[in-house]
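Heads up: the structure comes next, in structure tokens.
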Amino acid sequence: MPSLYIFLGLLLFSLQAPPCPAATDTLKAGQVLSAGDKLVSRNGKFALGFFNPSTNISKSSDNISSSWYIGIWFNKIPVFTVVWVANRERSIAEPDLKLTQLKISQDGNLAIVNHANESIIWSTRIVNRTEASMNTSVLLHDSGNLVIQSTSNAVLWQSFDYPTDVALPNAKIGWNKVTGLNRVGVSKKSLIDMGPGSYSVQLYTNGTRRVTLEHRNPSIEYWYWSPDESGMKIPALKQLLYMNPQTRGLVTPAYVNSSEEEYYSYNSSDESSSTFLLLDINGQIKFNVWSQDKQSWQSLYTQPVDPCRSYDTCGPFTICNGNSQPFCDCMENFTRKSPRDWDLGDRTGGCSRISPLDCTRNTSSTDIFHPLIHVTLPRNPQTIQEATTQSECAQACLSSCSCTAYSYQNTSTCSIWHDELFSVNQDDGIEIHSQDVLYLRLAAKDLQSLRNNKRKPNVAVVIAASVIGFVLLMVGMFLLIWRNRFEWCGAPLHDGEDSSGIKAFRYNDLVHATKNFSEKLGAGGFGSVFKGMLIDLTTIAVKRLDGDRQGEKQFRAEVSSIGLIQHINLVKLIGFCCEGRKRLLVYEHMLNGSLDAHLFQSNAGTLNWSIRYHIALGVARGLAYLHQSCHECIIHCDIKPQNILLDASFAPKIADFGMAAFVGRDFSRILTTFRGTVGYLAPEWISGVAVTPKVDVYSFGMVLLEIISGRRNSPNEYTSDNYHVSYFPVQAINKLHEGDVRNLVDPQLCDDFSLEEAERVCKVACWCIQDDEHDRPTMSEVVRVLEGIQELEMPPMPRLLAALTKCSDVAGADEIVNVHADDQPRSSAHRKLPAILVSMRPQSYAFLGLVLLLFSLLPLAPCSAANLNNDTLLAGQALAVGDKLISNNGKFTLGFFQPDAGTTKDLQSLSKSKRKPIVGVVTTVSIISLVLLIMLMVLVMVWRNRFKWCGVPLHSSQGSSGIIAFRYSDLDHATKNFSEKLGEGGFGSVFKGVLRDLTVVAVKRLDGARQGEKQFRAEVSSIGLIQHINLVKLIGFCCQSDKRLLVYEHMLNGSLDTHLFQSNATILKWSTRYQITIGVARGLSYLHQSCHECIIHCDIKPQNILLDESFTPKIADFGMAVFVGRDFSRVLTTFRGTVGYLAPEWLSGVAITPKVDVYSYGIVLLEIISGMRSLPNVHSSNSHHAAYFPVQAISKLHEGDVQSLVDPRLSGDFNLEEAERVCKVACWCIQDNEFDRPTMGEVVLVLEGLQEFDMPPMPRLLAAITRSSNVAEM
């Protein structure tokens, strides 16, 4: 036992032996920090020690560095993040690591020492040292600040005064006026080299309060911020950051200017959060916050937004494009000088030339120039005054061996550049805008080899074609015969998604996806529906139209209706197949099937009341969109539970548009063939008159009653020997009048429902099924009632239901129709019609027809195809496809048949006879066809080389999706070579044109090669996929070679901007302005709340609101639009929009919501009221004062003096109540906090007078601007 005590004692003593490593957050004199040791702050948040940055970057041997540093990093975060480095200018080599220590030197400084030779690698420099300061200790604070302090805890030195590339909370960016110390942050060189990089951030010491970002060598300022020059005072900035939920409590900025120092800093009240401000390798300032959920750093704020804004961010002989990823690339015929350095973020070496230039002074150079269009020109050009033409300018460059590029401006200015070219940036539409052309000098053989490379594939194809031409000819003949068997629809069959988002599938792909149509989901209009799965694992529903050419009209109606529109309550058409005689439609799969199954099938789950109510509201919204918001009114014509599908969350989707009819906006009704389903048919279908959208309203009313009761509207009830029909709509309206709606509700709900909602639904249903279509509400009114915004009176009993009520108990004889052997039908009995029907006047025959139709639903006995008699069809029975009546002698049959069913063999023989001439032609021309085929292939290759398409079908007619792909030559002809310019749009100019069918169009031409490619795709994929009466209609596009054009409907009255702000334009009267506000609100409401994906426009302004011939507003220019999935509430995207209409959250760099559009809309409303821009400049003597109209507007609104805000050009001719309403809406829309702003759906209700807003408060940001507008910021 004693020996054990001795051993433990020796062990403990050995642990206390000097020198001793630091234990916690403090390093004292005599202690050392070696590799593997570290100091940890008391809160455990930060650590100081030795680190090798390459071990946290990549395991690749190419990226391993032997350099070690001492620094501070986040200790608890799994992503290794360094916030300060001591020895960034002199790293520690791997062999010296074990010999190196961090310790306090004899003079009290902190030093990194190689104890083998006592050489100092790095050391602090304590200013104004005294003898007392010789005895020091080092402490790592909870804030991440490393401090050298005396015995009296006085701070002698701190790492916050010597920042690297990171500023933590409470760190200062500024200077000490007493000591002259200026805290300058410097970026690092690369991911593995912590040495000083190319960029710095600092506060100017000249009293301008200006923070700048600079390139260090050469010293070039490329970005700055000052509260005096930006207009964003510190109180306003604080409010902006507080308003953002992602930065509230995380960032509170401060500015201090005293007699001792001047600096900016920020603090964070949330101790648990981890944040830092970074000057990254690219020269951008980023505010990073650690996301615990995503386990990564999230950049909430970045400046400058465009990485190309930083000077020389890509190195020499490179081009920077903010829209590309990566954004740096070498110029033509240059290659990366060091690919390894590029991978690590160090692009200072840039690119080097592949082939040397031809530079001999005795002979003229053979070098050539390659144009780089729409780029910023490099700095420090040499101007050649003598060169007055472009050729002379080029020659001036060729005459100098060091000249690498030239530019010749339209002003006859010749500029040339020598040696390396820096900061050549592509016009990316973010922060870089340029129309200049730089001519890059290249060796002649570079360009020749480039041309040869482009030609080689064509030559190879021609040679290969000449060798196997005859085989290709045989294949071509085989395809010709095959094409004769399968007649295509003219729609391109491909696997990819076309410009409109609708896919054209091959039949074999759908056979594979549905496992040969094995899993049947049900039967739809004109076909059966099967479950399938695409290659990308998307579950789909495939409707196969039965029979050859069966439902061709319905197929086209479905594709041209649901394929052109988009709404969250309409089923999404993914694609179609139109191959030979096969017609298939591919939809998104609805996990919960149809409403029909849940209501009427005993084995289905019971829908609770809240789901039923939301189904009713969703279907109403979908129908309201079809009837009132599309460019053409779409009447579904077959609304029933079977055509209402339910997704995974039981959201309803209207489906089966095979019977849909279109009504132009210039018409109120359409005369069309009888269509629909018995039991849901409006009376006007029977009368044969032209129908209106009210036929859908009637059907919807019938569906509502079935949703309430959970049973079909005409159930069969048997009582002993008597058969009695209880027609539910009759019961419903009677019970509603009696105030006994509770007895109507589905008993399976067990009284678990809202009686108020049930009465509301029942009342809506009974109004919808009124006989007279004029008595029925519109679907928009139905939506408002179901939302509880509007009330309906008690509905009357429809005359038709009244007639049924009076005669429901009147017995009638059976009328039987027989098919006899002598072909003479005769009546075996006569049905005695009720007196009310017999006494009807001739003009009521339509009404009689409907009654008879409804009576046909009330059979005397249950019947089906299975229990039909051989030769007899009784009243109430039906003859379906596959059923038939046979005369007693078996000689004659009555039933459904196909006219071509018996002529199949004849058609096959006809088909064979058609093929014989083809075989004869093949035999006759086989000798010369090889030559023709080779010539054709060469021609195709040359033509294909000339025009490089984007992969979309180019044709001049309307495709299946309704969007036309134009050829550039057609648009050039339509616009008369782009001669009549209408104005400037986002990323391009707009020209007037006339198509061959005399349709007047507006053609937007995106400027420059590949200019705005991202915006072009955004425009086609947004406005090309949606349709609304208040959105501009995209007719087509052109995507040919490097040309990008968009073709819209022409707006006769131009933009709202013109009418509001141009003196020579027509003054819009108040009623027109008010209708414009409502129209724009409806369009935005559709984008935000009704599309399958929420679409944020991001650039709402008067210039992007167009007016047609009747001054109906159309939202245009979707080049900046972003999409937000319905599973997400916000999206993180690049800065976009127009100054003056930007919501505050854009400036904070956080993820945005549709509320940014609401803010912009609010500013537009104020401009519509006043007829002037919201930020006019008013100059008074030597001072500049901004009369910010939103501040005036909300002040006047509070004072009750809205009248003084209205455009004086109206001369008082306006509705004051409407003006106050618009002003109130506008002031709510421009609130700082996005959660205080209304949705666009709420805005529509307020402007329509259906809802009221309280008085809005003064936004805190505007209040801050008001307080500081005439006061110098301290």
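The values are calculated or read from the model by the stated rules, or taken from the named source; none is laboratory data. Bear in mind the structure is a predicted one, so any value in this text is a computation, not a measurement. Cβ coordinates were reconstructed from backbone atoms using ideal geometry, including for glycine residues, and neighbour counts include every protein chain displayed.
Check whether at least one residue in the range 1163-1185 is of a type in the set (A, V, I, L, M), out of contact with any helix residue (DSSP H, G or I) (no Cβ under 8 Å at 6 or more places or on another chain) and either at pLDDT below 90 or crowded, with 20+ Cβ neighbours inside 10 Å (or both), and report yes or no. Yes, because at least one residue in the range 1163-1185 is of a type in the set (A, V, I, L, M), out of contact with any helix residue (DSSP H, G or I) (no Cβ under 8 Å at 6 or more places or on another chain) and either at pLDDT below 90 or crowded, with 20+ Cβ neighbours inside 10 Å (or both).
Looking only at the range 309-337, count every residue that is of a type outside the set (D, E, K, R) and within 18 Å of K188 (Cα to Cα) and tell me the total.
Initial filter on the range 309-337 (of a type outside the set (D, E, K, R)): 310-311, 313-328, 330-331, 333-335.
When the remaining residues are screened for being within 18 Å of K188 (Cα to Cα), the result is 310-311, 313-315.
Here the count works out to 5.
Condition test on L1132, is it of a type in the set (A, V, I, L, M, F, W, C) and at pLDDT below 90? Answer is yes for this residue. Can you tell which of D165, D142 is acidic (D, E) and surrounded by 15 or more Cβ atoms within 10 Å (Cβ to Cβ)? Going through D165, D142 in turn, the sole match is D165. Within the range 1069-1084, the set of residues being over 15 Å from the mean Cα position of the chain (by Cα) and buried (at least 21 other Cβ atoms within 10 Å of the Cβ) comprises R1073, I1076, T1077, G1079, V1080, A1081, R1082, G1083. Residues considered: E118, E89. Of these, the only one that is of a type in the set (D, E), modelled with pLDDT under 90, within 30 Å of A154 (Cα to Cα) and not assigned by TED's automatic domain parsing to the domain that holds Q295 is E118.
For every residue, the table says whether it meets (1) closer than 19 Å to Y222 by Cα; (2) touching a residue at least 12 places away in the same chain (Cβ under 8 Å).
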site: D312; (1), (2): yes, yes
site: I319; (1), (2): yes, yes
site: Q325; (1), (2): no, no
site: M331; (1), (2): no, yes
site: T335; (1), (2): no, yes
site: P339; (1), (2): no, no
site: T360; (1), (2): no, no
site: V375; (1), (2): yes, yes
site: R379; (1), (2): yes, yes
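Taking the range 366-375, which residues are part of a strand (DSSP E or B) and either crowded, with 18+ Cβ neighbours inside 10 Å or hydrophobic (A, V, I, L, M, F, W, C) (or both)? Matches in the range 366-375: I368, F369, L372, I373, V375. Taken as a whole, the structure leaves D346 outside the set of residues that are in a strand (DSSP E or B), among the acidic types (D, E), in the same structural domain as D436 (by TED's automatic domain parsing) and at pLDDT 90 or above. Evaluation of L1106 against the conditions (1) under 19 Å from the mean Cα position of the chain (by Cα); (2) in a strand (DSSP E or B) shows that the sole unmet condition is (1).
Would the range 121-131 turn up any residue that is of a type in the set (V, I, T) and over 58 Å from the mean Cα position of the chain (by Cα)? Give the steps one after another, and end with the answer.
In the first step, residues of the range 121-131 are kept if they are of a type in the set (V, I, T); the result is 121, 124, 126-127, 130.
In the following step, the residues that additionally are over 58 Å from the mean Cα position of the chain (by Cα) were identified as 130.
Checked the range 121-131: at least one residue is of a type in the set (V, I, T) and over 58 Å from the mean Cα position of the chain (by Cα).
Considering the conditions (1) of a type outside the set (D, E, K, R); (2) modelled with pLDDT under 90; (3) not in a strand (DSSP E or B), V529 is excluded by exactly one of them, (3).
All of (1) more than 19 Å from G1119 (Cα to Cα); (2) at pLDDT 85 or above hold for E1049 with one exception: (1).
Yes/no per residue for (1) over 30 Å from I654 (Cβ atoms); (2) in contact (Cβ under 8 Å) with a residue 60 or more places away in the chain; (3) among the aromatic types (F, W, Y); (4) in the same structural domain as L623 (by TED's automatic domain parsing):
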position: D1057; (1), (2), (3), (4): yes, no, no, no
position: R1082; (1), (2), (3), (4): no, yes, no, no
position: Y1086; (1), (2), (3), (4): no, yes, yes, no
position: H1092; (1), (2), (3), (4): no, yes, no, no
position: I1100; (1), (2), (3), (4): no, yes, no, no
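Considering only residues in the range 408-434 that are part of a strand (DSSP E or B) and free of Cβ contacts under 8 Å to residues at least 60 places away in the same chain, the one that is surrounded by the fewest Cβ atoms within 10 Å (Cβ to Cβ) turns out to be H418.
Listed here are the residues, each with its yes/no results for (1) assigned to a loop (DSSP other than H, G, I, E, B); (2) touching a residue at least 40 places away in the same chain (Cβ under 8 Å); (3) not aliphatic (A, V, I, L, M).
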| residue | (1), (2), (3) |
| --- | --- |
| I121 | no, no, no |
| I126 | yes, no, no |
| V138 | no, yes, no |
| Q149 | no, no, yes |
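Considering each of L585, L573 in turn, give the residue that is buried (at least 23 other Cβ atoms within 10 Å of the Cβ), free of Cβ contacts under 8 Å to residues at least 60 places away in the same chain, in contact with a strand residue (DSSP E or B) (Cβ under 7 Å, 6 or more places away or on another chain) and under 27 Å from V511 (Cβ atoms). Being buried (at least 23 other Cβ atoms within 10 Å of the Cβ), free of Cβ contacts under 8 Å to residues at least 60 places away in the same chain, in contact with a strand residue (DSSP E or B) (Cβ under 7 Å, 6 or more places away or on another chain) and under 27 Å from V511 (Cβ atoms) holds for just one of L585, L573, which is L585.
Taken as a whole, the condition of being within 24 Å of the chain's Cα centre (by Cα) and polar (S, T, N, Q) applies to S1148.
Table: residues versus (1) of a type in the set (D, E, K, R); (2) within 31 Å of the chain's Cα centre (by Cα); (3) part of a loop (DSSP other than H, G, I, E, B); (4) closer than 24 Å to I192 by Cα.
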{"residue": "F287", "(1), (2), (3), (4)": "no, yes, no, yes"}
{"residue": "T302", "(1), (2), (3), (4)": "no, yes, no, yes"}
{"residue": "V305", "(1), (2), (3), (4)": "no, yes, yes, no"}
{"residue": "G322", "(1), (2), (3), (4)": "no, yes, yes, no"}
{"residue": "R340", "(1), (2), (3), (4)": "yes, no, no, yes"}
{"residue": "S355", "(1), (2), (3), (4)": "no, no, yes, no"}
{"residue": "S364", "(1), (2), (3), (4)": "no, no, yes, no"}
{"residue": "T388", "(1), (2), (3), (4)": "no, no, yes, no"}
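Of everything in the range 186-226 that's of a type in the set (V, I, T) and either at pLDDT 85 or above or under 34 Å from the mean Cα position of the chain (by Cα) (or both), which residue is farthest from L1261 (Cα to Cα)?
Of the range 186-226, the ones of a type in the set (V, I, T) are 186, 192, 201, 205, 208, 211-212, 220.
Filter again for either at pLDDT 85 or above or under 34 Å from the mean Cα position of the chain (by Cα) (or both), leaving 186, 192, 201, 211-212, 220.
Numbers: V186: 33, I192: 42, V201: 27, V211: 22, T212: 25, I220: 33 Å.
So the residue we want is I192.
Could you tell me whether N608 is within 35 Å of the chain's Cα centre (by Cα), at pLDDT 80 or above, among the polar types (S, T, N, Q) and surrounded by fewer than 22 Cβ atoms within 10 Å (Cβ to Cβ)?
Values: within 35 Å of the chain's Cα centre (by Cα): yes; at pLDDT 80 or above: yes; among the polar types (S, T, N, Q): yes; surrounded by fewer than 22 Cβ atoms within 10 Å (Cβ to Cβ): yes.
The answer is yes for N608.
Once the range 227-264 is narrowed to residues that are more than 15 Å from N170 (Cα to Cα) and modelled with pLDDT of 80 or more, the residue that is surrounded by the most Cβ atoms within 10 Å (Cβ to Cβ) is N257. Of all residue pairs spaced 6 or more apart or on separate chains, those with beta-carbon atoms under 8 Å, a first member in the range 604-616 that is without any contact (Cβ under 8 Å) to a residue 24 or more places away in the chain and a second member that is surrounded by fewer than 20 Cβ atoms within 10 Å (Cβ to Cβ) and outside any loop (DSSP other than H, G, I, E, B) are A604/A597.
Residue count for the range 1192-1247 satisfying the condition of being assigned to a helix (DSSP H, G or I) and among the acidic types (D, E): 7.
For the range 1034-1057, the set of residues classified as charged (D, E, K, R), surrounded by fewer than 20 Cβ atoms within 10 Å (Cβ to Cβ) and touching a strand residue (DSSP E or B) at 6+ places or on another chain (Cβ under 9 Å) consists of K1043, E1049, D1057, listed by residue number. Evaluate the range 376-383: report whether one residue or more is polar (S, T, N, Q), farther than 25 Å from S338 by Cα, outside any loop (DSSP other than H, G, I, E, B) and at pLDDT 90 or above. Scanning the range 376-383 turns up at least one residue that is polar (S, T, N, Q), farther than 25 Å from S338 by Cα, outside any loop (DSSP other than H, G, I, E, B) and at pLDDT 90 or above.
Screening T208 against (1) surrounded by 19 or more Cβ atoms within 10 Å (Cβ to Cβ); (2) more than 30 Å from A93 (Cβ to Cβ) leaves a single unmet condition, (1).
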